[in-house]
Every structure is written in C-alpha cells, then in structure tokens.
Amino acid sequence: MAAEVIKSAIVPTNSPSPLNVLMVGTGEYTTGFVGGGASGSDKKVGVVGLTLFDLRRRGKVAKLSMVGTNGTKFPAIRQHLDTNISKIYNGLDCSFDSYPPNDVKDPDAYKAAIDALKPGDAITIFTPDTTHYPIALYAIERGIHVLITKPAVKTLEHHQALIEAAKKHNVYVYIEHHKRFDPAYSDARYKAQKLGDFNYFYSYMSQPKSQLETFKAWAGVDSDISYYLNSHHIDICDSMVSQQGFVPIKVTASAAKGIATSLGCNEATEDTITVMVTWQKQGDTSKVATGVYTASWTAPQKAGVHSNQYFHYMGSSGEVRINQAKRGYDVADDSAGQLMWYNPFYMKYAPDEEGNFGGQTGYGYISFEKFVDGCRALNSGALKPADLDARGLPTLNNTIATTAILEAGRRSIDEDREIKVEIKDGFWKLV
C-alpha cells in the first residue's frame, strides 16, 4: 500500500500516459559502453539510458527497448549497466528489450525494433550521422515521435524531407541540442535580445584526441568535427539571432589536417574546422553580421576538461562572453595525474540523499525530459507539434539554419568556394 501511495504521488491520475521509448544506438552516449568496457570519457555510464531509466522510475516513461547492429554486445552491456548504474542507484531498473538477438549482427535491426512499437511511441537516435535520415524517416512514417542527436541530418534536402514527413504524420521530431538548456547559455540567449542588433559571434569547442579512438570507425568518413561539435554553437547562435530576424546568407570554411591521420584515422579526417557565416536581417539588408565557429577533436589529452567550450556574442549595444570549460569546480586526484575541471551542470552522476540518481537538474537530463514531456502532451491531445515549435524548442522547424550552415561549410571545404544560402517561400537551398 505504501508503495502505491508513493507512486500515485509521483504520477497524478490526470497526467498523460507514460511513453514507450526505443533507444537506437548502443554506444557511449546511450550506455557509456565502449570497446568492451566503460568509456574513458566523462560519460562512463552514458546519458540516454541512465536518463530514461530514471524517467521510468519517475513514471514518465514506460517500456524501454534498445537496438544496435551487433546483438553479441548486449550481455556485456547489461552487465555494465547493472554494475555501474543499478548497483549505484538503489537498484535502478535497467531492464530493456533488445534487438537484434544476442547471436545476430544486423545493420537493419532498427526496422524490426521500430515495427515493434505503436504510433505515439518514441525513439532516440544516437548513431553515425549518415544513418539519422533513414532511421528517422522509417519511424516518422509509422507515427513514431523522434529525438535525433545533433546534427539532425547532413543535408538540407534530408532536413526538409523530414519536416514534410513529420507534418504529414503529425509527429514530434526534436533535435538533442542540449546546450540550449545550459543555464548560462539559456540566460545569455535571453539577455542578447536586449543588446541591440546582432553584429558578431565567435565560438570554440574542442575535445581531446582520445575521442578519435571512440569515433575512429566514422571520423572523417561518415562525418566531420564541424557536424559533431560546431553544431552546438551554430545552433546556439541561430537560436539567439533568429529571434531578431537574422538568417545566414553565405558560408565559407577551412580545415586543418595532420594530427588525426597520424593517429590512424582515415586520410580524409580533418583535425579542426572553422566555419564563417554572413548573417543578414530579413527586411533590412543594411543589417549584416558575422559568425565564426571553430571545432576540434585534437585538443591535448591532458587539457583538464573533456570539452573546451566558450563563445563571444556582440550586439549593437552590448556583448556577452561565456567560458563553460572551467566552471569554478576543479578536482586534484593522484590517479588522474593532473588538475581536472568537471561539468556537473550537464550530467551530475552523484546519487541524491536517498541513494537514487540525483541529476535531474542537469541540462543533459532536462533535454530528454522536455522531449518526453512534449511527446506525452501530443499523445494526450493537450498540444500540437506547432505549439512546440512556438516554444522555441530545438524542433526540426527551429533547426533548419543549423543544417544549412553545416552542409554549406562541408561543401565550402570540398569545393573550395563560398556557398550561398537562399530562402524562398519557406524553402531553403544552397547555391
């Protein structure tokens, strides 16, 4: 009886039904399991799985499943989750259905896993960038809500095709741009609206060379560092300046090479990519601004932070500077051999006072919770997809400029020229 009382207190009887979720992709971000054990990064127990297991504990999520391409990994993944999550957080339920079977390897296993869902259920996609589009489209066409890790897709053509498909099937497609929910970035976005017209933005984001070991299978082959990291700050900048009517009109990019290839990555792998964007205010061509976005995955191994991340925004009557790498929290540990700056504001892994997972206020967690809440509101009829667009959430409609800039940057490097962005009657294209 006591357990029933507690459960009813967590989930009011008039609340929307809990959401069934399929996790597509079983790697670092979903489970924290990489190369036969816990990741060496700051995501040793992942983000997606842990968050959804906790949302299930809280009554917002119901049935969970997971799909990869190699079923033989699942016994080890389950052991990893039991040891590093369940035994740490009061026996948190880490159970899930898995696809394909434990003795099968199947690159198309996501289809059977999605077919097992019903309209109104949801999936999360944390797979190589080139796979986002076919997986998302397959789910959308079956009435399934979709969360896609950034970048949404690699081309404007695919982005706009997904917009049309989502509209046709009345589903919610959300891009996991979690930096929008970083409290400093979120507050800066608000304050920027009072600093006059957009004039200049510069950002930098990097991760250490060790990440190339994690991503060696696709780095420089399926995608690049700009899609992987510049996507964060390009989206942040767009979310700040689109409110003022600014849109990208031309893009040029350059890349540095030599480090990743010396570490055994594909010869096409670039180390650092810088994208420069010219923005213009719609309805007032005299208002022009510049955005410069740099990303690298060849930072020093012992930089003290997993992700260096900062930006400078300047408007006509003020500016904002944010450095989110060193947040006033550092730890000296003999085993690390150096001073470390941690970011518990993204995912706080320490248990709460009752021994349960206690990271519900982390902006990584919040990003998923907002998706789950949106899906449940749509399923209950309380909201429509357009309502979620209007809230400024990172939906497909609200992230098209980011895809345009990322594809234009890639094409600028490959074609050694400036790429123009044209918008006509709501349709975007690169020329």
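The values are calculated or read from the model by the stated rules, or taken from the named source; none is laboratory data. Small disclaimer: the values here were computed from a predicted structure and weren't measured. Every residue, glycine among them, receives a Cβ derived from its backbone with ideal geometry; neighbour counts consider all protein chains shown.
Things worth noting here:
- Extreme residue, nearest to Thr272 (Cα to Cα), among residues of region 316-338 that are assigned to a strand (DSSP E or B), in contact with a Phe, Trp or Tyr (Cβ under 8 Å, 6 or more places away or on another chain) and not hydrophobic (A, V, I, L, M, F, W, C): Asn323
- Of all residues in region 343-365, those satisfying the criterion of being of a type in the set (A, V, I, L, M, F, W, C) and either crowded, with 19+ Cβ neighbours inside 10 Å or more than 25 Å from Asp93 (Cβ to Cβ) (or both) are Phe345, Met347, Phe357.
- Scanning region 183-221 for residues that are polar (S, T, N, Q), surrounded by fewer than 17 Cβ atoms within 10 Å (Cβ to Cβ) and part of a helix (DSSP H, G or I) yields a single hit, Ser186.
- Any hit, region 345-357, residues being under 30 Å from Gly245 (Cβ atoms) and modelled with pLDDT of 95 or more: no
- Members of region 171-182 that are outside any helix (DSSP H, G or I) and touching a Gly at 6+ places or on another chain (Cβ under 8 Å): Val171, Tyr172, Tyr174
- Checked against (1) without any contact (Cβ under 8 Å) to a residue 40 or more places away in the chain; (2) within 26 Å of Ile85 (Cα to Cα), Asp416 meets all criteria but (2).
- Filter result (of a type in the set (Val, Ile, Thr) and under 21 Å from Met240 (Cα atoms)) within region 295-326: Val320, Ile322
- Residue ID - surrounded by the fewest Cβ atoms within 10 Å (Cβ to Cβ), chosen from residues in region 401-424 that are in a strand (DSSP E or B) and either of a type in the set (D, E, K, R) or outside the structural domain of Ala256 (by TED's automatic domain parsing) (or both): Lys424
- Residue within region 212-220 that is within 11 Å of Thr294 (Cα to Cα), among the aromatic types (Phe, Trp, Tyr), in contact (Cβ under 8 Å) with a residue 60 or more places away in the chain and touching a strand residue (DSSP E or B) at 6+ places or on another chain (Cβ under 9 Å) present: no
- Residue in region 109-118 that is loosely packed, with under 13 Cβ neighbours inside 10 Å, assigned to a loop (DSSP other than H, G, I, E, B) and either over 24 Å from the mean Cα position of the chain (by Cα) or not assigned by TED's automatic domain parsing to the domain that holds Glu28 (or both) present: yes
- Within region 57-89, being surrounded by 19 or more Cβ atoms within 10 Å (Cβ to Cβ), small (Gly, Ala, Ser) and not in a helix (DSSP H, G or I) holds for Ser65, Gly68.
- Single unsatisfied condition, Ala382 versus (1) touching a strand residue (DSSP E or B) at 6+ places or on another chain (Cβ under 8 Å); (2) part of a loop (DSSP other than H, G, I, E, B); (3) aliphatic (A, V, I, L, M): (1)
Per-residue answers, yes or no, for (1) touching a Pro at 6+ places or on another chain (Cβ under 7 Å); (2) aromatic (Phe, Trp, Tyr); (3) on the phi > 0 side of the Ramachandran plot; (4) without any contact (Cβ under 8 Å) to a residue 40 or more places away in the chain:
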{"position": "Asn398", "(1), (2), (3), (4)": "no, no, no, no"}
{"position": "Ala404", "(1), (2), (3), (4)": "yes, no, no, no"}
{"position": "Gly409", "(1), (2), (3), (4)": "no, no, no, no"}
{"position": "Gly426", "(1), (2), (3), (4)": "no, no, yes, yes"}
{"position": "Val431", "(1), (2), (3), (4)": "no, no, no, yes"}
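- Within region 123-154, the residues that satisfy the criterion of being assigned to a loop (DSSP other than H, G, I, E, B) and over 17 Å from the mean Cα position of the chain (by Cα) are Glu141, Arg142, Gly143, Ile144.
- Among the residues of region 6-44, those that are assigned to a loop (DSSP other than H, G, I, E, B), under 12 Å from Leu81 (Cα atoms) and at pLDDT 90 or above comprise Thr26, Gly32.
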